[in-house]
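Engineer: Right, I'll just put the structure down here and ask away after.
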Amino acid sequence: MTNEPIPIDALKPEEVPDCLKVETYFDFQTYPFAHQALFTGPDITCVLNVIPAISGYAKGWLANTIAQNLSSRDDLEVRTDTVGAGAQAWGRFRVVLEEGAIFEPGSVMGITKPDAEPHTIYLAAGASVLGTDIYLDGGDIYIGEGTTVEPGVGLKGATIIGADNEIRQGSYFRGDVIVGDGGTFRGELKNVVMMNKANFPHPSYVGDSLCGYATHFGNQATAANLGIFEGLRESSERRPLIIRTEEAAYVLGGPKLGVILGDWSQVGCNSVADPGTFLAPHTIVYSLTRLDKGFYGPDEVVKNKPMAHGVIERAALT
């Protein structure tokens, strides 16, 4: 193994190890994804390049899609700074509804600066937003056909939600979130991509992460995205995350990284993944497992067996 960590951004495409390539985790030929262009741009030489690109991609897609629909369709209902009876609203915003969409939020926070352009929430046909708290001060929101957003959900832009999703009470989408089609969610998401049929139906946290087709977190499973000791440092002094393979150590650019979850990978209840955890496709993690940062799978079962091996170590804090 090379002793000196290698900055991942310094690698040429041909130098990127297989364990850090997009195609190792996501099969877009078998499981097409509406936003797979995010994973294939000229600057995406490694799966880690995708995460800092989420925000820019989401904002561009939202602006283009909403503008195109407004200019090409005459069947849209457009509301300005208007919510239903009983809801609260602050600032300026726009609501665009396709036929059959229902928009009855609990509250809407729009732009309050007088010289700033208002953002838009766009509901496709048959989508419903009921009793939801909407934050349009940070970006646009798109909700796909047939998606239901329940009361008690918090949605911040920029967020893209595909078709036929169930966004359950208690969900908190903190912005820079891209969700595919046919998923179920109840946890907290931030700067994350969830592909089609992603199933995160219970309380959990996933941030600075990429989750592939039909991935799943059990109840209370979570993915840490910042090392616990880095949390003791000022933000400006936090050190970049380092990940090790059999051949070399790599500096991943910044201190924050959650989980890279390959297609069909599953994480059992009450499990915790350290920052910088990579699960290749069809990796199954048993309940109550602590995943140290590194690489797992593909086609692997990861078990927690404390009675056989022990899982607790105690050491002095220095």
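The values are calculated or read from the model by the stated rules, or taken from the named source; none is laboratory data. These numbers were taken from a predicted model, which means no experiment stands behind them. Backbone-built Cβ (ideal geometry, glycine too); neighbour counts: all protein chains shown.
Engineer: Among what's in region 179-207 and is crowded, with 23+ Cβ neighbours inside 10 Å and in contact (Cβ under 8 Å) with a residue 60 or more places away in the chain, pick the residue that is farthest from residue 21 (Cα to Cα). Can you show your working first?
Structural biologist: Taking region 179-207 first, the residues crowded, with 23+ Cβ neighbours inside 10 Å are 179-180, 183, 185, 189, 192-195, 198, 200, 206-207.
Cutting the leftovers down to in contact (Cβ under 8 Å) with a residue 60 or more places away in the chain gives us 180, 192-193, 195.
Details: 180: 21, 192: 18, 193: 16, 195: 17 Å.
Step by step, filter region 179-207, then rank; the result is 180.
Engineer: Go through region 23-62 and report how many residues are part of a helix (DSSP H, G or I) and either out of contact with any strand residue (DSSP E or B) (no Cβ under 9 Å at 6 or more places or on another chain) or at positive phi (or both).
Structural biologist: Initial filter on region 23-62 (part of a helix (DSSP H, G or I)): 23-25, 36-39, 47-62.
Narrowing the set further to residues that are either out of contact with any strand residue (DSSP E or B) (no Cβ under 9 Å at 6 or more places or on another chain) or at positive phi (or both) leaves 23, 36-37, 49, 53, 56, 59-60.
Residues meeting the conditions: 8.
Engineer: A further question follows. Taking region 88-122 as the search range and keeping residues that are over 12 Å from residue 132 (Cβ atoms) and among the hydroxyl-bearing types (Ser, Thr, Tyr), which one is surrounded by the most Cβ atoms within 10 Å (Cβ to Cβ)?
Structural biologist: Step by step, filter region 88-122, then rank; the result is 122.
Engineer: Kindly provide the set of residues from region 275-287 that are surrounded by 20 or more Cβ atoms within 10 Å (Cβ to Cβ) and in a loop (DSSP other than H, G, I, E, B), ordered by number. Talk me through it step by step, then tell me what you get.
Structural biologist: First, pick out the residues of region 275-287 that are surrounded by 20 or more Cβ atoms within 10 Å (Cβ to Cβ): 275-281, 283, 285.
Of everything in region 275-287, those that are surrounded by 20 or more Cβ atoms within 10 Å (Cβ to Cβ) and in a loop (DSSP other than H, G, I, E, B) turn out to be 275, 276, 280, 281.
Engineer: Pull up region 292-318, narrow it to residues that are out of contact with any Leu (no Cβ under 8 Å at 6 or more places or on another chain), modelled with pLDDT of 65 or more and within 17 Å of residue 228 (Cα to Cα), then point me to the one that is surrounded by the most Cβ atoms within 10 Å (Cβ to Cβ).
Structural biologist: Checked region 292-318; the qualifying residue surrounded by the most Cβ atoms within 10 Å (Cβ to Cβ) is 294.
Engineer: Give region 132-151 a look and list any residue that's assigned to a loop (DSSP other than H, G, I, E, B) and at pLDDT 95 or above, or say none.
Structural biologist: Step one: of region 132-151, the residues assigned to a loop (DSSP other than H, G, I, E, B) are 132, 136-140, 144-147, 150-151.
132, 136, 139, 140, 144, 145, 146, 147, 150, 151, listed by residue number.
Engineer: Can you tell me which residues in region 222-250 are under 21 Å from residue 175 (Cα atoms) and loosely packed, with under 14 Cβ neighbours inside 10 Å? Talk me through it step by step, then tell me what you get.
Structural biologist: Looking only at region 222-250, we keep the residues that are under 21 Å from residue 175 (Cα atoms), and these are 222-226, 235.
Scanning region 222-250 gives a single hit, 235.
Engineer: Could you identify the single residue in 213, 286 that is without any contact (Cβ under 8 Å) to a residue 60 or more places away in the chain and over 18 Å from residue 17 (Cβ atoms)? Can you show your working first?
Structural biologist: Numbers: 213 fails: without any contact (Cβ under 8 Å) to a residue 60 or more places away in the chain.
Only one candidate passes the filter, namely 286.
Engineer: Criterion first (touching a Ser or Thr at 6+ places or on another chain (Cβ under 8 Å) and modelled with pLDDT of 95 or more) does residue 122 satisfy it?
Structural biologist: The answer is yes for residue 122.
Engineer: If only one of 100, 84 is in a loop (DSSP other than H, G, I, E, B), modelled with pLDDT of 95 or more, more than 19 Å from residue 175 (Cα to Cα) and over 25 Å from the mean Cα position of the chain (by Cα), which one is it?
Structural biologist: On the way: 84 fails: modelled with pLDDT of 95 or more.
Step by step, each of 100, 84 is checked, and only 100 is in a loop (DSSP other than H, G, I, E, B), modelled with pLDDT of 95 or more, more than 19 Å from residue 175 (Cα to Cα) and over 25 Å from the mean Cα position of the chain (by Cα).
Engineer: Just one of the numbered conditions (1) more than 19 Å from residue 185 (Cβ to Cβ); (2) surrounded by fewer than 16 Cβ atoms within 10 Å (Cβ to Cβ) is not true of residue 219; which one?
Structural biologist: (1)
Engineer: Something else about it: When only residues in region 1-37 that are of a type in the set (A, V, I, L, M, F, W, C) and more than 21 Å from residue 277 (Cβ to Cβ) count, which is surrounded by the fewest Cβ atoms within 10 Å (Cβ to Cβ)? Break it down stepwise before answering.
Structural biologist: So in region 1-37, the residues of a type in the set (A, V, I, L, M, F, W, C) come out as 1, 6, 8, 10-11, 16, 19-20, 22, 26, 28, 33-34, 37.
The next check asks that each one be more than 21 Å from residue 277 (Cβ to Cβ); those that pass are 10, 28, 33-34, 37.
Working: 10: 9, 28: 17, 33: 20, 34: 16, 37: 12.
Out of the qualifying residues, it is 10.
Engineer: Any residue in region 227-245 that's touching a residue at least 40 places away in the same chain (Cβ under 8 Å): show its pairings with residues that are assigned to a loop (DSSP other than H, G, I, E, B) and among the polar types (S, T, N, Q) at Cβ separation under 6 Å, as long as the two are six or more apart or on different chains.
Structural biologist: none
Engineer: Check whether at least one residue in region 55-78 is closer than 30 Å to residue 23 by Cα and in contact with a Leu (Cβ under 6 Å, 6 or more places away or on another chain), and report yes or no. Reasoning before the result, please.
Structural biologist: Applying the first criterion (closer than 30 Å to residue 23 by Cα) to region 55-78 yields 55-65.
Then drop every residue that is not in contact with a Leu (Cβ under 6 Å, 6 or more places away or on another chain), which leaves 57.
Yes, region 55-78 has at least one match.
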